[in-house]
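To start, the structure itself, in structure tokens.
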Amino acid sequence: MRIFISSLITLFLLTSTLQVNAQVVKTPGSAAQVVINSSMPHRGLSKTQVESKFGQPSSKEGPVGKPAIYRWNYNNYSVFFENNIVIHSVAH
């Protein structure tokens, strides 16, 4: 029983450490930034909603992989979709 409890404590400490480290993202020579910008599509919008609110993209790429990932490129940002739903927008 004592070994079991020690194993659980060790497992808890290892996983909680991994979770904290996984949230820190750094790129060489710069700090990671999160920018919330209402002028870009947000997670959960459909392709139809993005097109009606933000207009036609300058180009469309995809599908790639399973699930299908699409990329719509606008002048200052790109929008990534999983199937028909926005999963991420990235400023250029």
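Restricting attention to the stretch 61-80, which residues are farther than 20 Å from SER39 by Cβ and touching a strand residue (DSSP E or B) at 6+ places or on another chain (Cβ under 9 Å)?
Start the filter on the stretch 61-80 by keeping residues that are farther than 20 Å from SER39 by Cβ, which leaves 61-70.
Result: GLU61, GLY62, PRO63, VAL64, PRO67, ALA68, ILE69, TYR70.
Filtered by the rule that a residue be more than 15 Å from the chain's Cα centre (by Cα), outside any strand (DSSP E or B) and under 21 Å from HIS92 (Cα atoms), the stretch 39-70 gives SER39, LYS47, VAL50, GLU51, LYS53, PHE54, GLY55, GLN56, PRO57, SER58. The requirement of being modelled with pLDDT of 95 or more and among the small types (Gly, Ala, Ser) is fulfilled somewhere in the stretch 46-54, by at least one residue.
The values are calculated or read from the model by the stated rules, or taken from the named source; none is laboratory data. All values derive from a computational prediction rather than experimental measurement. All Cβ positions, glycine included, derive from the backbone under ideal geometry; neighbour counts span all protein chains shown.
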